[in-house]
Structure formats: C-alpha cells, structure tokens
Amino acid sequence: MMKVGVTGGIGSGKSTVCALFATLGIPIYNADERAKWLMNHDALVIERVKDLIGKEAYDANQKANNKLIASIVFRDKILLDALNQIIHPAVKCDSEKWYTAQQSHPYIIKESALLFETGMDKNMDKNILVISPEALKLTRLLDRDHTTVEAIKERMNHQMKDTEKMPMADYIIRNDEENSLIEQVLEIHKKLITI
Ligand code: ATP
C-alpha cells in the first residue's frame, strides 16, 4: 500500500484537498491533529513537554495550554526544535500503527503542514503540495479563524516557502480561482491507483 503525503502552507487548502480524497474512499491521517491529540493523551509526550517547557504547559485538567506553549517556543528556536524532537517521533510511531490497519486501500494519505520541514516526506512514496496565492490564503484565513494579518504572517514565517517546496513535490495542486480543485484531485487519484 502506498503512502502519500499532502502538505501546503497555512491556509493553502490541505484539509479541503484531503476532504476531496476522502470522498474517493482514501483514508486520511491528519498529522497535525494527531500531534495535538498526543500532546494531551500520550503519557511520555506529556512528561517530556513538561520537562522542556515547565509544568504550566498543562492546566489543572492535564490539558495542554497550546497558546502558552506556542508563545514560548515561537520566540526560541532551540526550544521549538526540542519540542519538535518530542512530537515528531511520537507522530511517526502513531502513524505507523495506523498504516497497518489500512491495508485494503490502494493508498493512504498523511496530511501534515510540516511534511518537508520535518523530513516526513522521505517516508512517503509520493508527496503532493497544495499551493495558493498569498492574498487568497490571507482572505480565507481571516474569514475562517477571525485572526489578524500579523498573526497569520508570523505563522507563515515559520514554514518553508512554496518556491522551496515545489521542487520536492511529485504533484502540485493549485488551489486558486482559476484551476478546478476537484479535477486536479481526480487526475492525481487516477495516477496513484495505476502505479
Ligand atoms: P491550515 O494550514 O490552517 O490547517 P489548510 O491548508 O488545511 O489550513 P483549509 O482549512 O483547507 O486549509 O482552507 C482554509 C480555508 O479556506 C477554509 O476555511 C476552507 O474552507 C477555505 N478554502 C480552501 N480552499 C477553498 C476553495 N477552493 N474554495 C473556497 N474556499 C476554500
């Protein structure tokens, strides 16, 4: 069974693209959501995050204080790298367990915002990059998250640029207002099931 990575910058439309693949019956592993789940449920991850950030990283109900954690690590690259060194191996292990339960499908998808940044792309058979014009991403994110342009740009600055990621991708999906998203997904799906 093939493993296919789907990535893209914040607000590029990764989840929208994955929802289309899901309608074709393809199982989706959302690495970003699982990372958040593991932060709250995996005892070893919780212990390590507390050791790194401090006990205040979790509230009285043992729920991760994501806002506090983000505000600390996004100011300190060493801490951010150390946090990634806790989370990414845990996600890798979790996803490998999940793959073994999906053997009846022609391929599965792993969705991750940081597929190339973490080197996770190398564990995939094919990688799909979703790109979208910056102005469109900003409009959609302002609409979805009710946040500020500054907050979005700060998150964008922590990700690789599309121009760096494009040569690393096997397929590129253009989520703009000129190309049909559905047609692009169908075309890639047809190619993947014949490999
Ligand atoms: P994040 O990086 O924050 O997880 P993402 O890359 O998964 O974002 P989506 O959540 O899929 O992006 O899309 C961002 C927003 O833009 C969502 O509200 C989504 O509904 C909207 N959107 C994405 N693609 C389209 C499209 N082709 N047409 C209309 N709206 C779209």
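No value in this document is a laboratory result; all are computed from the given coordinates. Everything quoted here is computed from the prediction, not taken from an experiment. Heads up, the Cβs are rebuilt from the backbone with ideal geometry, glycines too, and the neighbour counts pull from every protein chain shown.
Tabulated values for the structure
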read-out	value
Top positive-direction residue, dipole computed over the chain with Cβ charges, set Ala82, Ile46, Thr163	Ile46
Exposure rule at most 12 other beta-carbon atoms within 10 Å, DSSP loop GluC sites (Glu not before Pro): the chain longest free segment	1-176
Region 39-111-region 135-180 distance, computed between alpha-carbon centres (Å)	23
R0 of 25 Å, Cβ-Cβ distance Asp143-Leu68: FRET efficiency to nearest 0.05	0.40
Computed helical MRE - 222 nm, the chain, DSSP H runs ≥ 4 contributing -39500 (n - 2.57), nearest 500	-16000 deg cm²/dmol
Residue order, fewest to most beta carbons within 10 Å, for Met39, Met160	Met160, Met39
Distant alpha-carbon pairs in region 106-195 (separation over 24 angstrom), percent	27
Long-range Cα-Cα pairs in region 1-110 (distance over 17 Å), rounded percent	60
Dimensions in Å of the chain - Rg and Dmax from alpha carbons	17.3, 51
Kyte-Doolittle mean at least -1.0, axial Cα span of 30 Å or more - DSSP H helices of the chain	77-100
